[in-house]
Amino acid sequence: MKICTLIFALLAVSPSAYASDMAGELLAVHNAERSQVGAPALSWNDDLARDAQTWADHLATRGTFEHSTTGDGENLWMGSGGAFTPTQMAQAWADEKAKFKYGAFPDLSTDGNWANVGHYTQMIWNTTTDVGCAKATGRGWDILVCRYRAPGNVYGQKPY
């Protein structure tokens, strides 16, 4: 029996219920940030979540941490396995707003490095409508992948 199946059995929680709870937590963090800047709420997209799961599994299996080459927007997070909730994972991206300054991409960071706010700006990008996320664990690490459609961080455009 796989460990995650055993955990779900012990907790009397189905894997799909866990995924639903994770989706709810991640959407809540994203939409709270979007609300603060007047961006419309995101919708959960199961197709994006399936794609994100494939990439998260790939990263966890290979022990790598790199962006994919899809045409969708993408945020990645990695931390010690089992140590963080989905809310804490997404909140790490949201906390980048401390260095955010309003402007056109890539001039969005108070320190001049857009990569220091790129996860946050993807979260709040006004024209993004859908998100789907997935988590995988490998080699002692949890890896969260969120995919966004339409992608944000578009050169020369403002996030909202």
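Check ASP130: other-chain or 5+ apart residues with amide H under 5 Å from its amide H, H built from backbone geometry?
SER43, ARG149, ALA150
Quick check on region 45-149: take the gyration tensor over C-alpha atoms, sort the square-rooted eigenvalues as a ≥ b ≥ c, and tell me if it's rounded (a/c under 1.5), prolate or oblate. Mind dumping the intermediate values first?
On the way: a/c = 1.98, a/b = 1.48, b/c = 1.34.
Prolate shape, in that a/c is at least 1.5 and a/b is the bigger ratio.
Non-local amide H neighbours of GLY138 (under 5 Å, H modeled in plane, Pro and chain starts lacking H): which ones?
Close amide H contacts, sequence-distant or interchain: ILE143.
Express in nm, to one decimal, how much length is gained between ALA32 and TRP44 on full extension, taking 0.36 nm for each residue of separation and deducting their alpha carbon distance. Could the numbers behind the result be given before it?
Working: separation 12, 0.36 × 12 = 4.32 nm, distance 1.44 nm.
Computed gain between ALA32 and TRP44 is 2.9 nm.
To test your reading of the geometry: what angle, between 0 and 90 degrees and rounded to tens, separates the Cα axis of helix 15-36 from the longest principal axis of the chain?
Here the helix axis deviates by roughly 20 degrees.
Please get the size of the charge dipole for region 45-149, origin at its Cα centre, with Cβ charges of +1 on Lys and Arg and -1 on Asp and Glu, quoted in debye to the nearest 20. All intermediate terms of the calculation are to be shown ahead of the outcome.
Working: 9 positive and 13 negative charges, 35 e Å.
Dipole of region 45-149, to the nearest 20 debye: 180 debye.
Quick check: net charge around THR110, other residues with Cβ under 9 Å of its Cβ, Lys/Arg +1 and Asp/Glu -1? Display every interim value, and only then the final one.
Values: positive: LYS99, LYS101; negative: ASP111.
Net charge in that neighbourhood comes out at +1.
Ignoring everything except DSSP H segments at least 4 long, calculate the 222 nm mean residue ellipticity for the chain; use -39,500 (n - 2.57) per segment, divide by total residues, nearest 500.
On the way: 5 runs with 64 residues, N = 160.
Roughly -12500 deg cm²/dmol at 222 nm, from the helical runs in the chain.
Under 14 Å from the 7 Å Cα→Cβ point of THR70, by amide nitrogen: which residues of region 133-150?
Only 133-136, 144-150 fall inside the zone, counting backbone N under 14 Å.
Could you tell me what percent of the accessible area of region 45-149 is made up of carbon and sulfur, with a 1.4 Å probe and every protein chain present? Write out the running numbers ahead of the final one.
Values: 2380 of 4780 Å².
Result for region 45-149: 50 percent of the exposed heavy-atom area is carbon or sulfur.
Under a 1.4 Å probe, what is the accessible area of region 45-149 per residue, stated in Å²? The partial results should precede the final answer.
On the way: 4780 Å² over 105 residues.
That works out to 46 Å² per residue.
For GLY81, what charge total do you get from the other residues with a beta carbon under 11 Å from its beta carbon, if Lys and Arg give +1 and Asp and Glu give -1?
Result for the local shell: +1.
In the chain, what is the count of Lys pairs whose alpha carbons are under 30 Å apart, counting only pairs at least 8 residues apart or on separate chains?
On the way: LYS2/LYS135; LYS97/LYS135; LYS97/LYS158; LYS99/LYS135; LYS99/LYS158; LYS101/LYS135; LYS101/LYS158; LYS135/LYS158.
Counting lysine pairs in the chain gives 8.
Measuring from a point 7 Å past the Cα of ARG62 along Cα-to-C-beta, which residues in region 138-160 have an amide N at less than 12 Å?
none
The values are calculated or read from the model by the stated rules, or taken from the named source; none is laboratory data. What you see is a predicted model; the values in this text were computed from it and never measured. Here Cβ is always computed from backbone atoms with ideal geometry, including for glycine, and neighbour counts include all displayed protein chains. Remember, those area values only see protein heavy atoms, side chains included, never the ligands or the DNA or RNA. Shrake-Rupley method; radii C 1.70, N 1.55, O 1.52, S 1.80 Å.
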